[in-house]
Every structure is written in C-alpha cells, then in structure tokens.
1. Go over the candidates 207, 196, 174 one by one and state the one that is assigned to a helix (DSSP H, G or I), of a type outside the set (Val, Ile, Thr) and buried (at least 19 other Cβ atoms within 10 Å of the Cβ).
2. Given the conditions (1) surrounded by fewer than 17 Cβ atoms within 10 Å (Cβ to Cβ); (2) under 23 Å from residue 216 (Cβ atoms); (3) at pLDDT 85 or above, report the number of the one that residue 12 does not fulfil.
3. Give the range 83-131 a look and list any residue that's touching a helix residue (DSSP H, G or I) at 6+ places or on another chain (Cβ under 7 Å) and of a type in the set (Asp, Glu), or say none.
4. Can you name the residue in the range 94-106 that is surrounded by 18 or more Cβ atoms within 10 Å (Cβ to Cβ) and under 28 Å from residue 19 (Cα atoms) and is also modelled with the highest pLDDT among such residues?
5. Which residues, taken from the range 121-143, are of a type outside the set (S, T, N, Q), buried (at least 19 other Cβ atoms within 10 Å of the Cβ) and within 10 Å of residue 174 (Cα to Cα)?
6. Do we find that residue 164 is touching a Lys or Arg at 6+ places or on another chain (Cβ under 8 Å), part of a helix (DSSP H, G or I) and buried (at least 18 other Cβ atoms within 10 Å of the Cβ) in this structure?
7. What about residue 109, is it of a type in the set (Gly, Ala, Ser) and at pLDDT 90 or above?
8. Of the residues that make up the range 77-93, is at least one among the β-branched types (Val, Ile, Thr), part of a helix (DSSP H, G or I) and at pLDDT 85 or above?
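The values are calculated or read from the model by the stated rules, or taken from the named source; none is laboratory data. Model, not experiment: these values are computed from the prediction. All Cβ positions, glycine included, derive from the backbone under ideal geometry; neighbour counts span all protein chains shown.
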Amino acid sequence: MLTCQQLTELVTDYLEGRLSFLERARFQMHLGMCRNCRTYLRQMKTTVRVLGKLPAEAMSTEMRDQLLAQFRGMRPRGGAAPTGPSPSIRILDALERVLGSGRGWAVIGAVLAVLLFSVFLSGAEPGLVGDGSLCVATELGAGLVPLVLLGLLAASNGSRLSSSVYAVAASSGALVGYVSLQLTCDMGHLAPHLLAFHVGGVLLAAAMGTAASRLPALR
C-alpha cells in the first residue's frame, strides 16, 4: 500500500499514464481508502485543466530549448514516454462531456417518455395496481450494478462526475430490469401496475443515482 507522500510523488505520472500496471493498482487502492488524497488528485486535475486554458505567451527559442533540456533531464533513465491519460480517465471524461451538466436528464426524460408511450400503445388493460415490490426491487438491483461500477471507477481515478451521469448509469441498468419484467411479471398486462412499478422503478433508479452522487467518496 502506498503512503500519502508516495502518492503525491506519483500523481504526475498517474495523470500522464506513465505508471506500470502494479503501480497504478496500488495508486488506485490508496485512493479508494484515502479521502484526502482523492481531494488532492481532484485539485491537481483542476489545476491542469485551468492552466491548459490560459493563452500561450511568446517564448524565445533559447528559453524553450533550455526548458526542454531541463524536463528531459528530470525523466528517469529508461523511463517510458508519456502515453496520455489512461483509458478509464478517457471514458469518464467522455461520459461527463456527453451526459454532464444536466444533459443526462434530457436523456432520462426521453427514455421515460418512450416508456410511457409504449405502455399506452401496448394495449395494456385497466385494473388493480397490485403488489409491485418485487418489480421495483428487480429494477433497482439491475440499476445498482452499473452505478456501483461507475462509482468505483470514478473514485479510483479521483474523477468528479455530474449527478446526471450517475442517474443515467442507474436508469440504464433499470431498463434491463424493465425488459426482463415484461417477460416474467404476472401483472405486466395491467396499465396501472406498469406505470406505478415498472416505469416508476426506472424513475426511482434515476433518483438513486442522483443520491449516490452525493456520497463523500464521489464528491
């Protein structure tokens, strides 16, 4: 297990994807257990992101050559050249770009609208709501799987994702449960039951994802 000091010494190599598989595993294991180091990593990523947006100033050729020579001298002999961000970081960044800043809520809204229309167009019959506890439990359980996987991935990389990203992850899993219930639920032909527990279960899974994004380990 890495110490906090060792982690801070490796954070640059981690962000640049220069750690070996074993070093990266030890790094992520420490992140999963140390809140302070997760905060430090987020601060480093924010600093890099902000500095990257600053306009480049003119630099003399002589100064540039001196800086490059110094940076080359800092790299350990035989060290691997930077390979860029790791695949997991690229995946998390892509999810945030596509589903972050509330865009994920638009996706969830569209999915719920499609589910509502499908219920009304399927010819579902009126009737009793019935007991839908098993149906809701099935959808929430299915939604919990991608939600936990995303949370672990984000925590191990020190990434902060929007609540809408977690909501989409949970509701996507719940959709798998929704589909399975259409084949196994004895009351799947009743419109009130479908609306209350099947469509409602997907909506509840989205709320579960939003609540999970507030956990200290993911903030």
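1. 174 is the lone residue from the list that is assigned to a helix (DSSP H, G or I), of a type outside the set (Val, Ile, Thr) and buried (at least 19 other Cβ atoms within 10 Å of the Cβ).
2. Exception for residue 12: condition (2).
3. Those that are touching a helix residue (DSSP H, G or I) at 6+ places or on another chain (Cβ under 7 Å) and of a type in the set (Asp, Glu): 96, 125.
4. Ranking the qualifying residues of the range 94-106, first place goes to 95.
5. Those that are of a type outside the set (S, T, N, Q), buried (at least 19 other Cβ atoms within 10 Å of the Cβ) and within 10 Å of residue 174 (Cα to Cα): 136, 139, 140, 142, 143.
6. It is true that residue 164 is touching a Lys or Arg at 6+ places or on another chain (Cβ under 8 Å), part of a helix (DSSP H, G or I) and buried (at least 18 other Cβ atoms within 10 Å of the Cβ).
7. yes
8. Yes, there is a match, as at least one residue in the range 77-93 is among the β-branched types (Val, Ile, Thr), part of a helix (DSSP H, G or I) and at pLDDT 85 or above.
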